[in-house]
Amino acid sequence: MTNKTSNQMWGGRFAAGPDAIMEAINASIGFDQRMAAQDIAGSRAHAAMLAATGIVSDSDASAMREGLLTVLSEIDSGTFEFSTALEDIHMNVEARLKEIIGEPAGRLHTGRSRNDQVATDFKLWVRDQIDAAVTGLEALIRALLDQAEAGADWVMPGFTHLQTAQPVTWGHHMMAYVEMFGRDMSRFRDARARMNESPLGAAALAGTSFPIDREMTAKALGFDRPAANSLDAVSDRDFALEFLSCASICAMHLSRFAEELVIWSSAQFRFVTLSDRFSTGSSIMPQKKNPDAAELIRAKIGRIFGANVALMTVMKGLPLAYSKDMQEDKEQVFDAADNLMLALAAMEGMVKDMSANVENLEAAAGSGFSTATDLADWLVRALNMPFRDAHHVTGTLVALAESRGCDLPDLTLADMQGVHGAITDEVFGVLGVHNSVASRLSYGGTAPANVRAQVARWKGLLK
Ligand code: ARG
């Protein structure tokens with residue numbers, strides 16, 4: 001019989017209950033209750049399997065499966081009383097099941113352990129988050145495609161070193177992020193495919209002598225197959241780390257875009273106007289409209305990177321198999337997942353609502369001698385000049401324009417011929433920003449025709 005003050009799950013060996021501090025450091029129920037639905041799904045699959053293999057009677061298994069649904073409804077409706085003394089979600093659920101169905105509840109834990117149970121629950125939870133991330137990314141990509149389609153031929157400056165480089169199209173810039181977020185989506189999918197093996201039935205670490213059917217529980221829980229090694233199944237959290245790495249890379253992309261939106265919405269750039277719905281005002285400066293959503297996306301990314309490093313650090317020195325250190329995996333992943341989903345949704349909202357200031361973009365596109373490369377390319381094409389010489393001639397023309405305080409198209413033909421006698425007025429045809437972007441038809445280039453083709457390709461992929 002269990003000692004009254006010691007734990008009802010293992011009290012047989014204990015004469016006293018835990019110190020209050022022990023209970024506080026040991027309990028995970030404060031956070032792992034978020035895995036209640038997964039825990040109950042795992043237990044229901046396990047109960048059905050125990051009956052199918054003749055390990056428990058059909059009537060016991062039915063009582064367990066029914067009782068577990070009652071527990072779930074209590075948790076969902078908020079009437080369930082979580083107990084710290086019962087440590088975690090697994091023991092809270094099992095203890096309540098015992099109160100509801102009595103003796104058969106004690107048979108549920110046959111042929112399994114909390115070690116394979118927690119690995120299974122957590123995998124199911126992470127798998128759901130991967131699906132949510134893919135859904136969030138798809139919505140964001142759709143919003144970017146709408147922007148790209150609307151602005152396939154709006155010109156804006158393209159930058160390197162944040163210095164004006166060459167004109168690009170708005171659509172092309174949006175599509176650059178579509179490619180990045182598209183790879184994020186495929187990374188999450190790859191991670192899902194790799195992790196989708198069931199730990200359930202690995203038991204504590206060595207498997208079990210009961211004739212369990214791991215194929216059956218794997219299938220019931222949507223796994224592709226049972227994990228092949230019981231030690232590995234209860235020991236590794238690489239699936240959670242892979243989620244955090246995918247999340248980190250995706251977060252890094254979100255942060256770069258957020259940074260651009262912060263710059264673009266500033267009074268100095270005025271490339272975009274963010275909607276009121278995703279901005280805030282200042283309590284003292286009436287003129288202000290701040291890009292807080294973008295800034296918070298940029299900042300939240302630190303938590304996601306942090307979670308990745310934290311869990312790597314928890315895992316790196318652990319001998320096989322389970323160690324209690326691994327209980328520290330969940331809060332990091334929960335926080336990272338929550339913030340990733342929030343950042344994805346906020347970015348989608350901002351992209352949907354933002355409006356490009358087409359005239360400002362175009363004016364900025366033409367400044368800073370952005371078509372100098374077009375001029376050099378023309379010298380190569382029309383005058384058969386080696387590119388290095390063309391680069392030099394163009395540099396001289398840029399310096400001339402700079403000394404006059406004008407842009408390249410404002411130089412006269414006589415100015416140009418003063419630098420190189422063979423230049424004709426045909427050159428003015430390549431100095432405009434629209435001609436510049438339209439000419440960049442090489443595969444992957446910024447031409448509006450390319451942007452439209454890529455939008456169409458992505459729409460086909462997302463169908
Ligand atoms: N709450 C524990 C965790 O999150 C469950 C597994 C406990 N296993 C054990 N052998 N103490 O990791």
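Structural remarks
- For the range 350-377, a residue qualifies if it is part of a helix (DSSP H, G or I) and of a type in the set (Val, Ile, Thr), and the qualifying residues are Val351, Val358, Thr373.
- All told, Asp76 falls short of being closer than 24 Å to Glu242 by Cβ, surrounded by fewer than 23 Cβ atoms within 10 Å (Cβ to Cβ) and under 31 Å from the mean Cα position of the chain (by Cα).
- Breaking point among (1) free of Cβ contacts under 8 Å to residues at least 40 places away in the same chain; (2) assigned to a loop (DSSP other than H, G, I, E, B), for Ser403: (2)
- The set of residues in the range 416-457 that are among the hydrophobic types (A, V, I, L, M, F, W, C) and surrounded by fewer than 19 Cβ atoms within 10 Å (Cβ to Cβ) comprises Val419, Ala422, Phe428, Ala438, Leu441, Ala449, Ala453, Ala456.
- Listing of helices (runs of 4 or more DSSP H) fully contained in the range 167-268 that carry 2 or more residues being touching a helix residue (DSSP H, G or I) at 6+ places or on another chain (Cβ under 7 Å) and under 22 Å from Ile141 (Cβ atoms): 170-195, 238-264
- Considered as a group, the residues in the range 1-28 that are modelled with pLDDT of 90 or more and of a type in the set (S, T, N, Q) include one that is surrounded by the most Cβ atoms within 10 Å (Cβ to Cβ), and that residue is Ser28.
- Residue within the range 327-342 that is within 13 Å of the ligand (Cβ to nearest atom), outside any loop (DSSP other than H, G, I, E, B) and surrounded by fewer than 17 Cβ atoms within 10 Å (Cβ to Cβ) present: yes
- For the residues Ala47, Ala85, the requirement of being within 16 Å of the ligand (Cβ to nearest atom) and outside any loop (DSSP other than H, G, I, E, B) singles out Ala85.
- Of the residues examined, Asp389 is not one that is under 44 Å from the mean Cα position of the chain (by Cα) and either surrounded by 14 or more Cβ atoms within 10 Å (Cβ to Cβ) or part of a helix (DSSP H, G or I) (or both).
Results for (1) outside any helix (DSSP H, G or I); (2) surrounded by fewer than 15 Cβ atoms within 10 Å (Cβ to Cβ); (3) away from the ligand (no atom under 13 Å from the Cβ), shown as yes or no for each residue.
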{"residue": "Arg298", "(1), (2), (3)": "no, no, yes"}
{"residue": "Met312", "(1), (2), (3)": "no, yes, yes"}
{"residue": "Gly317", "(1), (2), (3)": "yes, yes, yes"}
{"residue": "Ala321", "(1), (2), (3)": "yes, no, no"}
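Conditions (1) surrounded by 15 or more Cβ atoms within 10 Å (Cβ to Cβ); (2) modelled with pLDDT of 95 or more; (3) within 24 Å of Lys316 (Cα to Cα), marked per residue:
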| position | (1), (2), (3) |
| --- | --- |
| Ala204 | yes, yes, yes |
| Pro211 | no, yes, no |
| Leu221 | yes, yes, no |
| Ser248 | yes, yes, yes |
| Ser255 | yes, yes, no |
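- Given (1) assigned to a helix (DSSP H, G or I); (2) more than 24 Å from Asp190 (Cα to Cα); (3) away from the ligand (no atom under 16 Å from the Cβ); (4) not small (Gly, Ala, Ser), number of the condition Asn115 does not satisfy: (3)
- Selection within the range 88-107 - in contact with a Lys or Arg (Cβ under 9 Å, 6 or more places away or on another chain) and within 16 Å of the ligand (Cβ to nearest atom): Asp88, Ile89, His90, Met91
- Of the residues in the range 154-175, at least one is more than 16 Å from the ligand (Cβ to nearest atom), of a type in the set (A, V, I, L, M, F, W, C) and within 18 Å of Leu461 (Cβ to Cβ).
- When Thr217 is tested against (1) touching a Pro at 6+ places or on another chain (Cβ under 8 Å); (2) more than 16 Å from Leu124 (Cα to Cα), only condition (2) is not met.
- Any hit, the range 291-301, residues being in contact (Cβ under 8 Å) with a residue 60 or more places away in the chain and among the aliphatic types (A, V, I, L, M): no
- Within the range 22-42, residues that are over 12 Å from Leu124 (Cα atoms) reach partners that are among the hydroxyl-bearing types (Ser, Thr, Tyr) and more than 9 Å from the ligand (Cβ to nearest atom) with beta carbons closer than 8 Å, at six or more positions or on different chains, in the pairs Glu23/Thr84; Ala24/Thr84; Ala27/Thr84; Ile29/Ser83; Ile29/Thr84; Gly30/Thr84.
The values are calculated or read from the model by the stated rules, or taken from the named source; none is laboratory data. Model, not experiment: these values are computed from the prediction. Here the Cβ is made from the backbone with ideal geometry for all residues, glycine too, and neighbour counts use every protein chain on show.
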